[in-house]
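Below: the structure, in structure tokens.
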Amino acid sequence: MVLLAVSCVGGQQQNAAYRAANYAKNGPRFKALLFYSDHEESAHVQFAHQGIAFFRKLTVGEGFEVDSTQTLDGYTLEQLQEYNVIVALNAYPSRQARPLFEQYMDNGGGWLGFHAAGYNDPSTGWPWYVKFLGGGVFKCNNWPPQPALLELDVTDHPVTRNLPASYVAPTSEYYQWSPEPRENPDVEVLVSLSSRNYPFGLKDIIYGGDFPVVWTNKNYRMVYINMGHGNEQFTDATEQLLFINAFRWVVSRDPAGDPFDR
Ligand code: ZN
């Protein structure tokens, strides 16, 4: 008992010293902007709030700085470019902010978008955004939200290489697109919904078809992740690792240099 107690105290002291040294070593490497809206479907707002908590938690030790905003209106390009990455949790730019966002992305900006942030349909009226996302327009969804078996399309990519070849992702709503982003040669699909899920859904049922859920448009520093509906998305370690990998990869490709190499 005594030996154990002494050892435990010693370990704590060592940890405290290590942490202090580690904290002092590097200042924040970059800034991230969490972009969300409270005026969306409640399940998308739930996800956004959990996402804010998730990304804020990753700043422990001040590895990076994070701000959050419900609008891009009013930012100048210079102000937006202070951020290495915009994490779009459930929101997309207003009509007013569209040119700003286009300029930001066309000039090397970073974007990690989840679920509703990529939603668009024929009424959206923003061809640039559709092209940016890989060309797909919303076709259909499963309902109700549910877990799904996902499969990696590539296993040697920085976003996927430490993930299992397949895993069951927590409850979410998934969007299927037309045309499928995989048909676009500029798109690299990283993760797809397994065809073993079909028929997928109870009320709204998807019976088949190609179903990418995580991809990058190689013309931009971006990753789109279709998950992001409800309050169960952060309950799975594999999925959390995927989110961190995607965030880290987008950040690392900053044209000004990889912040993690500094
Ligand atoms: Zn949804």
Selection over the stretch 36-55 where residues are open to solvent by 10 Å² or more (accessible area, probe 1.4 Å) and touching a strand residue (DSSP E or B) at 6+ places or on another chain (Cβ under 8 Å) yields a count of 2
Selection over the stretch 47-75 where residues are within 15 Å of the ligand (Cβ to nearest atom) and free of Cβ contacts under 8 Å to residues at least 24 places away in the same chain yields a count of 1
Within the stretch 210-228, restricting to residues that are part of a loop (DSSP other than H, G, I, E, B) and open to solvent by less than 10 Å² (accessible area, probe 1.4 Å), the one that is nearest to the ligand (Cβ to nearest atom) is Gly228
Taking the stretch 229-262 and keeping residues open to solvent by 30 Å² or more (accessible area, probe 1.4 Å) and in a helix (DSSP H, G or I) leaves Ala237, Thr238, Gln240, Leu241, Ile244, Arg248, Trp249, Phe260, Asp261
Q. Is at least one residue of the stretch 192-203 within 16 Å of the ligand (Cβ to nearest atom), open to solvent by 40 Å² or more (accessible area, probe 1.4 Å), modelled with pLDDT of 95 or more and not hydroxyl-bearing (Ser, Thr, Tyr)?
A. yes
Flagged pairs (Cβ under 6 angstrom, 6 or more apart or on separate chains; first in the stretch 25-46, within 16 Å of the ligand (Cβ to nearest atom) and at pLDDT 95 or above; second among the hydrophobic types (A, V, I, L, M, F, W, C) and open to solvent by less than 60 Å² (accessible area, probe 1.4 Å)) are Tyr36/Ala48; Tyr36/Leu89; Tyr36/Ala91; Ser37/Ala91; Asp38/Val45; His44/Ala116
* Got at least one residue in the stretch 127-138 being away from the ligand (no atom under 16 Å from the Cβ), touching a strand residue (DSSP E or B) at 6+ places or on another chain (Cβ under 6 Å) and open to solvent by 50 Å² or more (accessible area, probe 1.4 Å)? -> no
Of those in the stretch 144-168 that are part of a loop (DSSP other than H, G, I, E, B) and among the hydrophobic types (A, V, I, L, M, F, W, C), the residue nearest to Val187 (Cα to Cα) is Val154
Scanning the stretch 69-96 residue by residue, those closer than 23 Å to Ala256 by Cα and surrounded by fewer than 18 Cβ atoms within 10 Å (Cβ to Cβ) turn out to be Thr76, Leu77, Glu78, Gln79, Gln81, Glu82
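The values are calculated or read from the model by the stated rules, or taken from the named source; none is laboratory data. Small disclaimer: the values here were computed from a predicted structure and weren't measured. Here Cβ is always computed from backbone atoms with ideal geometry, including for glycine, and neighbour counts include all displayed protein chains. For the accessible areas, the whole protein counts, side chains as well, though only heavy atoms, and no ligand, DNA or RNA atoms are used. Shrake-Rupley method; radii C 1.70, N 1.55, O 1.52, S 1.80 Å.
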